[in-house]
Amino acid sequence: MTRKVLVAVDGSPYSANSIGYLARLFDGVGAMEFHLFNVFVASIPETQVAWIDENDLRHDLDPIDLKKYQTIAHCLKKAGHLLARHGIGPHQVKQVIRLARRGMAP
């Protein structure tokens, strides 16, 4: 049975520390998957977000949100490299960025 660990990645030193800790904790466990996850809040009207496919939403991002999205993707990539340094193979790492379907409360 494959064990799966969901890891929230936001680019902070705390998420990097948690990834390093989890890699050491599960060192030697062969059947592991790490799901690196981030929820991205964009300034797209909620009416658009409700019915447009997630891949299409990325094309509708304004330049500021696109830069944020690219920064998050870079953070996930760095987190994947950190896991690789601890011996976690690329087939054991999934990277997921989700656009929030609803706005966050201020």
Using a basic spin-label model with each label point 7 Å from the Cα along Cα→Cβ, how many nm lie between Ala16 and Ala100?
2.5 nm
Please name whichever of Phe37, Val5, Ile88 sits farthest to the positive end of the charge dipole of segment 3-99, dipole taken about the Cα centre and charges placed at Cβ: Lys and Arg +1, Asp and Glu -1.
Ile88
Could I have the simple spin-label model distance between Ala84 and Val5, label points 7 Å from Cα toward Cβ, reported in nm to one decimal?
1.9 nm
Rounded, prolate or oblate: which one fits segment 1-40, using the alpha carbon gyration tensor with axes a ≥ b ≥ c (rounded when a/c is under 1.5, else prolate when a/b beats b/c, else oblate)?
oblate
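No value in this document is a laboratory result; all are computed from the given coordinates. What you see is a predicted model, and the numbers here were worked out from it, not measured in a lab. So basically every Cβ, Gly included, is an ideal-geometry build from the backbone, and we count neighbours across all protein chains shown.
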